[in-house]
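Only one structure is covered here, and it is reproduced in the block below.
Coordinate-derived values only; no laboratory data. Just so it is clear, the model here is predicted, and its values are computed rather than measured. Neighbour counts are summed over all protein chains in view; Cβ atoms, including those assigned to glycine, are modelled from backbone coordinates with ideal geometry.
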Amino acid sequence: MWWPFYWNPTYWLFIAPALLFMLYAQWRVQSAYAKWSRVPSAQGVPSIKAAEMLIAQNGLYGVRIQGIPGMLTDNYDPRSKTLNLSQSTALGSSVASLAVVAHEIGHAMQDATGSLLLQLRSGLVPAVNFGSQLGPILFIIGFLLRLSPLMWVGIAFFSLAFVFALITLPVELDASSRAMKMLKTSGLLVGERELRGARAVLTAAALTYVAALLTALFQLLYYVMLASGDRRRR
C-alpha cells in the first residue's frame, strides 16, 4: 500500500540527494563542534558569563538565562525571552561553546529589533507541526482513493514545512553573522584561529538548515509530481 511513496525508485531519486546532504551536514556539525570544543578560548570566559556580558552589551535586559538538559539543545525562545543553554555549553569556555552562545544571542537581538522573519517563523511553528503531520496523511488517502482535491489539500498543508524551512535559513544565517561580529568586537575570541574556529562551527550548523530546506523542497516536488501525474491519467 505504501509502495508508491516510500519504495518507488522515483521517490528515492527525489529524496536521496537531500538525505545524503543532510547526513553530510550532520557530520560537519559533529566534527566541527568536537574539534573546537576541545580548543579553550584564550580569554577563558565561561559561556554563561559570556552570555551575561553580551546580553548587557546589547541592551537585552529582558532576556533571562536558564539551563536545559541535552547537548547542543541550546536555543532562544522569543515567547518567554529566554536563552536556554545546555550544560555542556553553559559551563564551557571553548571556542565552540562561545560560538553557540553568541549565535543564540543573535536570535535575541533579532527579537529585540522586531525581525519580521523571526516573527513569521515563530508564528508558523504550530501550523507547521500540524501541517507536516496531517499533510502526508491527506495526500496518501487522496492518492489511494483517486481524490485529486484531497491530494492538493495535503500538498498545501505539507508546503508549510517548506515555507518554514525557507524562512528559517536567512534567520539562522543572520544570527550567525551577528554572532561573529559580537565575538570579535567583545574580545571574547582573540586571534584569527579562534575566530576561524567559531566560523567553522556556525557554518557547519548553517548547512543543516540548507539540508532541511532541500529535503522539504524535494519532498514537496515529489508530491506535486504524483498529483499532477494522477490528474493527467484521468
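Per residue, the Cα convex hull of the stretch 6-88 amounts to 155 Å³. Within the chain, what is the number of lysine pairs with alpha carbons under 21 Å apart, leaving out pairs fewer than eight places apart on the same chain? Close lysine pairs under the 21 Å cut-off: 4.
The eigenvalues of the Cα gyration tensor, multiplied by 5 and square-rooted, give the chain an equivalent ellipsoid with semi-axes of 40, 19, 13 Å from largest to smallest. Running a GNM on the chain with Cα contacts under 10 Å, which residue among Leu118, Leu54, Leu144 ends up with the highest mean-square fluctuation? Highest fluctuation among the options: Leu144. The modelled label-to-label distance between Ser148 and Ala34, using points 7 Å beyond Cα along the C-beta direction, is 5.2 nm.
Computed over the stretch 166-224, the percent of Cα pairs more than 16 Å apart is 52. Binning the alpha carbon pair distances of the stretch 54-100 at 5 angstrom intervals from zero yields the distribution 5, 22, 28, 26, 15, 3, expressed in whole percent.
Footprinting exposure proxy ranking of Thr113, Thr208, Thr89, fewest other C-beta atoms within 10 angstrom first, gives Thr113, Thr208, Thr89.
What separates the Cα centres of the stretch 98-143 and the stretch 177-234 is a distance of 14 Å. Extension gain for the segment Thr113 to Leu166, taken as residue separation times 0.36 nm less the Cα-Cα distance, is 17.0 nm to one decimal. Here the sum of -39500 (n - 2.57) over DSSP H runs of 4 or more residues, divided by the residues of the chain, equals -26000 deg cm²/dmol at 222 nm, to the nearest 500.
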